[in-house]
Amino acid sequence: MEIYGIRTRLVGPGDDLVGLAIEGARASGLEIRDGDILAFSAKAVATAMNRLVRLSDVRPSPAAVELAMRHSMDPAFVEVIVREADQILGGVEHALATIKMGILVANAGVDQSNSPPGYVALWPEDPQAAAEGLKASFSRRGLDVGVLIIDSRTLPLRMGNSGVAIGIAGFRAVEDLRGKPDLYGRPLRLKRFMVADNLASAAQLVMGETDESRPVALIRGAPVTYGSGYGIGEAYIPPDQCLFMHLLHCGDKGR
């Protein structure tokens, strides 16, 4: 498997991300081919879709002010998180633990980093539809590729961030290995392989998290199942079936 970061100019609202990816690949001496997978930063997709909020326009609610004081955060920033989160579970200094679209993620995906000064970027309103739209845009240019929309997340009891897929098109997100034999012939009982998140983490290694200006990664030769009709929905698991979440008391939105 090969992974290449693709440098582009600064993404702005209304930009054609597929055009920028193709242009950036050519400038790097790369050619996007059928069967490749293109991973796009969620922030780049959000910016192109104008999913930006100017914090000076936000009036914090009392609940947001209370959370901000408790966790040493900007009340306007917290208010945006409250609006975006499906659930707020708690927090630490400078960050809230939230559930957004079935994913445990910090701050409901709302991010000030790599956003224009004074603004925060949100996730695309429908990341799955956004991934399918990007794939369709490649198809109109004669390219049959897979698409990932990715962001960062933290994992329980682990320092730092890893990647998470929030939208996918053109290949299967999860491979079900149940029933397949292990090295000693014993059938696996629980094993499912989260292909999309592992590719998201691999892509982040070449995309970077700071000022690299590489909002796209080209993944070639990935061991995936290609096809139509796959989506990120197959990656979700109800909290009561999750090894970690069923142990927690899930709070109400805004609390």
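Does ARG153 count as among the charged types (D, E, K, R) and surrounded by 16 or more Cβ atoms within 10 Å (Cβ to Cβ)?
Details: among the charged types (D, E, K, R): yes; surrounded by 16 or more Cβ atoms within 10 Å (Cβ to Cβ): yes.
Answer is yes for this residue.
Filter segment 108-131 down to the residues that are assigned to a helix (DSSP H, G or I) and polar (S, T, N, Q) and list them by number.
GLN128
Would you pick out the residues in segment 208-230 that are modelled with pLDDT of 90 or more and either in a strand (DSSP E or B) or surrounded by 16 or more Cβ atoms within 10 Å (Cβ to Cβ) (or both)?
Result: ARG214, PRO215, VAL216, ALA217, LEU218, ILE219, ARG220, ALA222, VAL224, TYR226, TYR230.
If only one of VAL105, VAL65, VAL11, VAL45 is part of a helix (DSSP H, G or I), surrounded by 20 or more Cβ atoms within 10 Å (Cβ to Cβ) and not aromatic (Phe, Trp, Tyr), which one is it?
VAL45
Can you tell me which condition ASN50 does not meet? The list is (1) polar (S, T, N, Q); (2) crowded, with 22+ Cβ neighbours inside 10 Å; (3) in a loop (DSSP other than H, G, I, E, B), and all the others hold.
It fails just one condition, (2).
From GLY14, GLY24, grab the single residue that is of a type outside the set (Asp, Glu), under 27 Å from SER228 (Cβ atoms), in the same structural domain as LEU143 (by TED's automatic domain parsing) and out of contact with any His (no Cβ under 6 Å at 6 or more places or on another chain).
Checking each option against the conditions leaves just GLY24.
If MET73 satisfies all but one of (1) part of a strand (DSSP E or B); (2) in contact with a His (Cβ under 7 Å, 6 or more places away or on another chain), what's the number of the condition it fails?
(1)
Output the residue which, of all residues in segment 183-194 that are closer than 20 Å to VAL224 by Cα and at pLDDT 75 or above, is nearest to the chain's Cα centre (by Cα).
Among residues in segment 183-194 that are closer than 20 Å to VAL224 by Cα and at pLDDT 75 or above, the one nearest to the chain's Cα centre (by Cα) is MET194.
Select from segment 132-165 the residues that are part of a helix (DSSP H, G or I) and either touching a residue at least 24 places away in the same chain (Cβ under 8 Å) or in the same structural domain as ALA97 (by TED's automatic domain parsing) (or both) and write down the one among them that is nearest to ARG214 (Cα to Cα).
So, considering only residues that are part of a helix (DSSP H, G or I) and either touching a residue at least 24 places away in the same chain (Cβ under 8 Å) or in the same structural domain as ALA97 (by TED's automatic domain parsing) (or both), the one nearest to ARG214 (Cα to Cα) is LEU134.
Residues to consider are GLU93, GLU2, GLU23; find the one that is surrounded by fewer than 19 Cβ atoms within 10 Å (Cβ to Cβ), in contact (Cβ under 8 Å) with a residue 12 or more places away in the chain and under 21 Å from the mean Cα position of the chain (by Cα).
GLU2
So which of ASP16, ASP86 ends up being surrounded by fewer than 15 Cβ atoms within 10 Å (Cβ to Cβ) and in contact with a strand residue (DSSP E or B) (Cβ under 9 Å, 6 or more places away or on another chain)?
ASP86
The values are calculated or read from the model by the stated rules, or taken from the named source; none is laboratory data. If you're wondering where the values come from, they're calculated on a predicted model, not measured in any experiment. Neighbour counts are summed over all protein chains in view; Cβ atoms, including those assigned to glycine, are modelled from backbone coordinates with ideal geometry.
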